[in-house]
Every structure is written in structure tokens, then in C-alpha cells.
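The values are calculated or read from the model by the stated rules, or taken from the named source; none is laboratory data. In this text, all values refer to a predicted model and were calculated from it rather than measured experimentally. Note that each Cβ is placed from the backbone with ideal geometry, even for glycine, and that neighbours are counted across all protein chains shown.
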Amino acid sequence: MAQPVLILTQSAIERVKTLLEKRAKPSVGIRIGVRSKGCTGLSYTLEFADETGPYDEIIESDDVKVLIDPKAVMFIMGSQMDYVEDKLTSGFVFTNPNEKGRCGCGESFHV
Amino acid sequence: MLLQLVEPGKTLDPHAPPPGVVVGIDLGTTYSVVAVVKEGKARVLTFEDGGPLIPSIVSLIDGEFKVGESSAETLSSTKRLMGKDVTDPICSQFPQLLEGKGMRLSLGSHSLTPIEVAAHVLSHLRCQIEQTLELPLEAAVITVPAYFDEAARIATKQAAALAGIKILRLINEPTAASLAYGLETGAEGIYAIYDWGGGTFDLSLLKLEKGVFQVLATGGDLNLGGDDIDRALFNAFQLPDLRTARHLKECLSLQTSLEGVTRDDLEAIALPFVNQTLSITQDVLKQAKFKVQDIKGVVFVGGMTRMPLVYQEVETFFKKKPLCDINADHAVALGAALSAHSLRYGSDTLLLDVTPLSLGLEVMGGLVEKIIPRNTPLPALASEEFTTDQDGQGGMIIHVVQGEREFVEDCRSLARFELKGLPMLPAGAARIRVDFAVDAEGLLTVSAIEKSTGLSQHVEVRPSFGLDGTELSQMIFESQKYGREDIKRRLEAEEQLKETTFFKKEYG
Amino acid sequence: MFDPFAILNINKTFSIDLMMVEKCYFEAQKQIHPDRFINASSDIKKDAVQRSSEVNKAYHILKDPLLRATFLLENEDIKLLSNEPLFLAEVMAWNERQGAGEDLSEELKCEKELLVKELAASFECKDYERARTALYKLTYVQKVMKQ
């Protein structure tokens, strides 16, 4: 079996489900993209999706639909998306085997 | 870096500054008020637990510091001690002052400096702001009495630093009020801002013209506030406490008698204080070379202006009705918010302020040589050359003072340092240039250079910037206390504080 | 050399329009006041303090006829008068009358106005000797006025 583009951890799935339920509008799912901004070039975006784009890569994991922007596919290939939470902060994090470096502040990366 | 799931298109630029809010804070003697600009208009904030007027009172309840009215033991009106020395007469009004411990007030099992009290109030305000607006506080403009001296301004900056509030700028309370008044009403011309609060009186003359707020002259008294009238009332009628006195004073502005005390009784007590404010007003007019008829309007600011007697006397003095268009309690905070907004986001508005007090140096015979006279527009740079009075004099003490009096002992000592390693020259041959720089906030930097020979030494003392923590404030207070005997210790301490003082030696 | 006229971009003459000077002053401050550079680097801030204070100083000199005339004479390398016996008798008479409690403010104000006119006229025809004498008198009149 081919390796999936992206693996979601159980806590990521739960959190996405909760957030989708809380959102006022119905959603198709969530969309992951990349942007060429930040100090070393690229950073991920993570947004609710109102519709499916024609070239989006779609993965479904436990009823959660994740759309991946075609531009993001090659960067995200083989990553894991996790949700972490501690006393001070919470949010999603990607661990990416393709990544070669991160900028000092951890906001962007290059491959 | 953790990602949040957001609405489509709402992903923020990485590295963009976190979205925050800038506010104006009127850190008052009796109350503090916060205002913010929303949709181009300044508004005061009302918090869940009160406001817009938050009492500047700190108490200790179950081991935690609380801000607000309390039936427990409290510290209040401590703004009057900001930047003060333990020998200041105002200290006699604070029985909580601990003896022999510098400027520390007891509160339960703890002791606090006035800076720490202010920091508790500010940090309470910060929490309230962030909860109410649901945004982090990015920075603030904090107001100070125009007549605050260098030490009191530094103390205010330190309090903000302790509370974790970034200050965009300190601005003077009457200047802030004029901004609120001028932008609200579009007034142009020469205006007097009569600002009388719980602790201080300030009078500023401003020229308002097309977005420019130019302070022409300012004057005041830091020890002349509503608190002093409360105290006089408390003594005259043997009232149970000062709080009762203040309540009585406030009620007698609305009704003519209460609990056997009449408004006439209060006015007899208050009149000498009102006259003092008018004599300061007269002096400021004289300084600025203006006559009463040149003044287009008198803007009322501060709680004391609600007393009918004040209205009546000021009206008689200026021969016109004082302007009460803006809320006397809110004006300063509103102006501070407008200033914060324009500093942060840019605007055409320009504030041109002045030095409230003369800055000078000690010269022979304990006299003061004024380098920057009061009411000089800011920022200001000035320098003066001095020479030695003894053959082969190896050093020179530079003693920086603030105040209007002729003798050093009657002025406030700000900083004292020694210019060492002067070249061996006959008396009168060395040339020492002392430079004063006062920035737009009214904070001073002094430097001295010996330039008679190729050898030059440069010493710079910045009594103001980069200070934080109470240790530093303590150091300032102590150095002022022991200044004369303890220059050496102070110099050593200063050498360790690279941020506040640095010595550079240049040989060329 | 510090040139207040150049800083505020005003023609270098004694007779100037004070409203115009104020306008130029406000304009200059709107550009360079340190408040405009609150988020800038410390070098830029320092530069703003320096330039803004020079604008303040220039305005201070230009709006005061005595300081303005002093600058213009020094700019022409004319040495100012000092310790000249001339005019001292008048000054002493004023001092005496003032000492006796007489209010001279109106008289001195008139005298000052005359001297400022005299300064304007002498700068107009570049008669610096005349300007120097008028300035010398004005210095004393201002001194008596301050007492």
C-alpha cells in the first residue's frame, strides 16, 4: 500500500472534529496549504474549507476530510499532523521528514 | 510554532507582529482610567469589575494583592510619593511609611515601594484590558502630571516595566486633555488647561491649531490636590477617616449641607487651596507673556473641577465660563488613547511639549547654573562650557539638578558623576563641555567632554532609560539620600549598570 | 555654523513674517519630530531628537527680534557692542524710577517697539553700525523690562 500523503494523529482528528462542529458555517473539511513567506521561505496554512478545489488532494481519516492544496502536496508528503496542548498554548503541528531547516522563530521552514 | 485552524483567507503573515491593542492610561492619584480608539473615536473602557474609574488602591487579601476599594487595610494616593525622597514633607501624610527602610510602605506582612503599588495598579489594568478587549495589550501611552520631575517620570516608567506594559511614550496630563478637547471640538486658539486632581494641580497654556498642540507654558504643584482638602476637612471636623472626608467633600458639591457640615464650611476650608491654583495660573500666564483676555477658553479637567467654588473662582479669574464639554474624569485617558493611536498608526496630529522645570548644574558656591530653562520646547539640546578653578585639577564633579531655585540645596538632585583624568593644566585652561539632551517625553541625558587637549574623555549619564526593577528604583532613591557621602558607591553601582550608564575612554 | 533661517527655510532678513515662521516651524516639526519615529531604530530616533531640537532652537531665535538681530550681525562678522558708555544714563534713569516703584512697562514697551523698527530700517539699508547700536540699546531695554 502506498504511503498516505498525510497521517493525522488521533488527537488531531478529535480536535478538528470539535472545531468543525463549533464553526457557525457547514464545512467541507479543512484545507492545508503552503505560503512562500517567512524568513526561510515557506510556511503552512491551516484553514476551514468551504468547497473542494479542482486539484485538491483529498484524504479522509475517520470522517474528517482534509484537502491539500496541490502546491503543498510535495512538501507535506509523508508528514504527520498532530494536535498538542499544554497549560499555555495549544495548536496543530506538522512533523515533516522532508524538512531541512527551520528559521529561528520556528514559523517557517525550507526543504 | 503551533498552527491554529482559521477561516479561509485569514491565515496571518508569519512574522507579522501579534495583533494587539494600544491604549491610553490615566494613572491617577485617586482613580485610573483606560481609553482606547475604536473606529476613529476614543472611548473609555468599562470593565467587568467596575470602571471606567478604577480606584488606584492596593490591598492585600489572603496573601494576594488586589486593586480597588476594600474594607481591608489599603495603600492609596501613593502616586504622590512617586519619585519622592523620604525627606519630602508629603511623607508625613503616609503613616504606612516604614522608618529607615527608604521609600517603603507597609501593607499587611508586606512592604511596597510607591513604584510597586503603581505596578500592581497597572498590571490589574492590563489584565482587565486584555479580558475586556480579548486582545493582548501591545503598548500604552501613560500620562503623568506636567509638573512631574525627572525622578517621578522614571518611577512611572519603571512601574510600567514591572507590570509588563510597553510604554509608547509618557505624555503630560493637561496635554493629553487638550488633545481630547481639541480633537473633539475642533477648537483653535490659545487655551488654558486647568487640571486639578486628587494629588496634583497642573496648568498648561496651549496653542491649538490645525492638528498641532503646542504647549506654550506649564506650571503646577505636585503637593496640591483634592487629598489636601480632604485632610483639612478631616482635621477641622474630626471626621473618622479621610475616606469619609472625601465623600463629604464630593457630596457637598451637589448638596448644600450634610451631617452638620455646610457647603460654606467646606468652601472656607477649600478657598486657600483654590487661591493657590490661581496664583500658579497667574505665574504661568506671566511666564508665557499672556494676559487673561488672550485666553480663548479654560478647559476643566480632574475631579476637583466639579466643586462649585472652583468653577466660580476660575470664572472670576479668567472672566469667562470654564469649558466642561468633556468629562473631567475621562479627558486625560481619552487624550492618551488618541496619542497612542496616532503614535502607533501614524497621523497628522503633533504634540509639542515643554520642560516643566529648569535643568542645570551645580557651580561654585552651591549655586545653580541653568542650562535648559523651564518651558523650553522639547526635544531640547543645550551645552555649556566649564573650566577648572585649581592648577592641575584632575577631576570635576558634574552635579545635575532640576528646579527653579538659585541654590543647589533647594533644587532636586538628579545625577552626580565625576569626570576623571583631566589633563594637568593651570586653573582655567581646561575646557569641559557639558551637554544636556531632553527628549520629547521630558527625559534627560547628560554627557561631559574635556576638550582642551588632544586627550578627550567622555562620560555619559542617562538617569532615565532602560531602568527596570525595584532594585534600580531603590538605587535612585538611595543615591539621592546619600548622594553627598556616597558618590563612590554610586559610581561603582552605575558602572555595573551598562544600560543606564556607560563610560567610554577615547584617546586620540 | 548654526543658521536658524536655513533650518526653517526663511529668507535671511530681519523683517520676517512671524505667522510664516510659525507655519514653517509646525511644518518642519511635523516631518521630523521624534514622535514620528517611535518605532524606528535608535540611530534614527537620536537623529530625530537632534534635528527636532535644532528646529526648536531656530524657531526660538527667529521669533525673538533681539536674538534674530544678534544672529544676523554675527553672520556678517560684525562685533557686537559691549560696555559702551552711550545710553547708560538713560538706563540708569529707568532703573532709578523703577526702583522708586514707578510702573515703566508701557514706556519700555514703546521704546522696544521703536528699537525694533530702527533695527528693521538699518538692516534694510545694510547699515550694520546703526543696527549694532540699536541692538545694544534693545538688550538694555529688555534687561530693565525683566526687572
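Scanning the range B:76-106 for residues that are assigned to a helix (DSSP H, G or I) and either of a type in the set (A, V, I, L, M) or touching a Pro at 6+ places or on another chain (Cβ under 9 Å) (or both) gives B:T78, B:K79, B:R80, B:L81, B:I90.
Could you tell me whether B:G164 is closer than 25 Å to B:G442 by Cα, surrounded by fewer than 19 Cβ atoms within 10 Å (Cβ to Cβ) and at pLDDT below 90? Here the answer is yes, as B:G164 does meet what is asked.
Residue-by-condition table, conditions (1) among the aromatic types (F, W, Y); (2) more than 14 Å from every other protein chain (Cβ to nearest Cβ); (3) within 19 Å of B:A331 (Cβ to Cβ); (4) surrounded by fewer than 22 Cβ atoms within 10 Å (Cβ to Cβ):
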{"residue": "B:V6", "(1), (2), (3), (4)": "no, no, no, yes"}
{"residue": "B:G9", "(1), (2), (3), (4)": "no, no, no, yes"}
{"residue": "B:D26", "(1), (2), (3), (4)": "no, yes, yes, no"}
{"residue": "B:V33", "(1), (2), (3), (4)": "no, yes, yes, no"}
{"residue": "B:V36", "(1), (2), (3), (4)": "no, yes, yes, no"}
{"residue": "B:K66", "(1), (2), (3), (4)": "no, yes, no, yes"}
{"residue": "B:T87", "(1), (2), (3), (4)": "no, yes, no, yes"}
{"residue": "B:S92", "(1), (2), (3), (4)": "no, yes, no, yes"}
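When restricted to residues that are of a type in the set (A, V, I, L, M, F, W, C) and either in the same structural domain as B:I129 (by TED's automatic domain parsing) or surrounded by fewer than 24 Cβ atoms within 10 Å (Cβ to Cβ) (or both), the range B:341-351 contains 2. If you go through the range B:389-401 and keep only what is in a loop (DSSP other than H, G, I, E, B) and under 36 Å from the mean Cα position of the chain (by Cα), you end up with just B:G395.
Residue under question is B:G100, and the condition is that it be surrounded by 15 or more Cβ atoms within 10 Å (Cβ to Cβ) and in the same structural domain as B:Y147 (by TED's automatic domain parsing); does it hold? When the stated conditions are applied, B:G100 does not pass them.
Okay, residues lined up against (1) of a type in the set (D, E); (2) within 19 Å of B:L338 (Cβ to Cβ); (3) part of a helix (DSSP H, G or I); (4) at pLDDT 95 or above:
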| position | (1), (2), (3), (4) |
| --- | --- |
| B:F148 | no, no, no, no |
| B:Q158 | no, no, yes, no |
| B:G182 | no, yes, yes, no |
| B:K207 | no, yes, no, yes |
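Looking only at residues of the range B:127-160 that are touching a helix residue (DSSP H, G or I) at 6+ places or on another chain (Cβ under 8 Å) and polar (S, T, N, Q), we find that the one that is farthest from B:V215 (Cα to Cα) is B:Q158. For the range B:271-289, the set of residues classified as outside any helix (DSSP H, G or I) and either under 19 Å from B:D228 (Cα atoms) or of a type in the set (K, R) (or both) consists of B:K289 only. C:E90 falls short on exactly one of the conditions (1) surrounded by 14 or more Cβ atoms within 10 Å (Cβ to Cβ); (2) not assigned by TED's automatic domain parsing to the domain that holds C:Q142, and that condition is (2).
Within the option set B:L338, B:L359, being surrounded by 23 or more Cβ atoms within 10 Å (Cβ to Cβ), within 14 Å of chain C (Cβ to nearest Cβ) and farther than 18 Å from B:L170 by Cα holds for one residue only, B:L359.
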